[in-house]
Amino acid sequence: MKTISHDSEYILSIIKTAYHKFESVAEGQNASYIPYLKEIDPKLFGISVCLTDGTLIEYGDTSFQFGIESISKVPTALLALKQNGTESILQKIGTNATGMDFGSLFAILLEKGYPSTPLVNAGAIAACSLIEPLGDAAGKWQMIQQNIDDLCGSKTEVLHALYQNETETNYHNRSITWLLKSYDRIYDDPEVALDIYTRQCSIGVTTSQLAVMAATIANKGKNPKTGLQVFDAALASKLVSMIATVGLYEETGDWMFESGIPAKSGVGGGILAVYPGEVGICVFSPPLNRFGNSVKGKKVVQYIANALGLSIYE
């Protein structure tokens, strides 16, 4: 794969060009099924790029704390891999794309109970149930949040208003949880697994933090800002392969065809992208398309990836 220029001014010029090229895009709408997300200013827009040498280059609203939402599935998938091993994850959850909506119940039925991948709701809830220590909700949560903090290189916190909204509106995920339980695909207390999943989605992050997380994955587990080896280097390719397979849900195939860079979205408006060995990118813009992916976020990541030649297929 390509080694990119580490010229900060050059990269900043690309970021600024992307920002101003797409800042007036008015397509998409905030996620409306969670009141907290619906009320976020749709004009907020931030871009952060972190190189694997720790250089952070950013522009726009990069310090605004937004809901991590489904991007949290990436660090928890990683933690489940660390604790359980790749073979266990393959057997208990799977790593295949569903080709359906990220909250699809039908996908579970078609797969005869398999959650398919830790990067859709069913697989993420199953992954939360696998996190050790089993039977210890507080201990599980501590492991999950510490893992996210280590990847970001800084402390994160739950946005309590968002967490309350998520808890009040998670009927669909409750159905997913109990359907999985009926297939013996929940490996701890189902209510605890659901609550932890809901809480991890409610963590507040900035584009700066997620760019560092993405760069840590790109850097084979070593956080480029703190120097901490967060996870074994051998797991990096496994995690990136999952992101590349289903990171933007039903749009993932088109996305990889057009951009060539693995990326994971969240309905809070964030997109995290990883180019192995070189760089992590995060873009935040709340308006989403019908698949739940940030409209501006996609455009910006693709622009930056194309401008820097960041295709994993090259």
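Building the convex hull from the alpha-carbon atoms of the chain and averaging its projection over directions returns 13.7 nm². In this structure, W178 and K21 have a Cβ-Cβ separation that, at R0 = 45 Å, corresponds to a calculated FRET efficiency of about 0.45.
Put the Cα centre of the stretch 165-219 next to the Cα centre of the stretch 227-279 and the gap is 17 Å.
The value of relative contact order for the chain, using C-alpha pairs under 8 Å at least six residues apart, is 27 percent. Cα axis of helix 121-130 to longest principal axis of the chain: angle in degrees, 0 to 90, nearest 10? Roughly 70 degrees, rounded to the nearest 10. If one takes the longest principal axis of the Cα atoms in the chain, at what angle in degrees, from 0 to 90 and to the nearest 10, does the Cα axis of helix 207-218 lie? It works out to around 80 degrees.
Put a dot 7 Å past the Cα of S63, heading toward its Cβ, do the same for E314, and the two dots end up 3.4 nm apart.
Can you tell me the 0 to 90 degree angle between the C-alpha axis of helix 171-182 and the longest principal axis of the chain, rounded to 10? The helix 171-182 is inclined about 50 degrees to the chain. Were the residues from D136 through A161 laid out at 0.36 nm apart, the gain over their Cα-Cα distance would be 6.6 nm. Both radii come from the Cα set of the stretch 70-201: Rg as radius of gyration, Rh as Kirkwood radius; their ratio Rg/Rh reads 0.94. Counted residue by residue at 0.36 nm each, then reduced by the alpha carbon distance between them, the extension gain from L228 to F291 reaches 19.2 nm. Between L12 and D53, how many nm apart are label points set 7 Å from Cα along the C-beta direction? That separation, rounded to one decimal, is 1.5 nm. Given their separation in residues at 0.36 nm each and the Cα-Cα distance between them, T3 and F257 gain 89.4 nm when the chain is fully extended.
The count of lysine pairs in the stretch 70-201 whose Cα atoms are under 18 Å apart, excluding pairs fewer than 8 places apart on the same chain, comes to 10. Which of the lysines could a cross-linker span from K43 if the Cα-Cα distance has to be under 23 Å and same-chain partners fewer than 8 positions apart are dropped? Output for K43: K16, K21, K264, K296, K298, K299. Placing unit charges on the Cβ atoms only, positive for Lys and Arg and negative for Asp and Glu, gives the chain a dipole magnitude near 260 debye about its Cα centre.
Bear in mind that the values in this text are calculations on the coordinates, not laboratory data. Not measured: the values here are computed from a predicted model. So basically every Cβ, Gly included, is an ideal-geometry build from the backbone, and we count neighbours across all protein chains shown.
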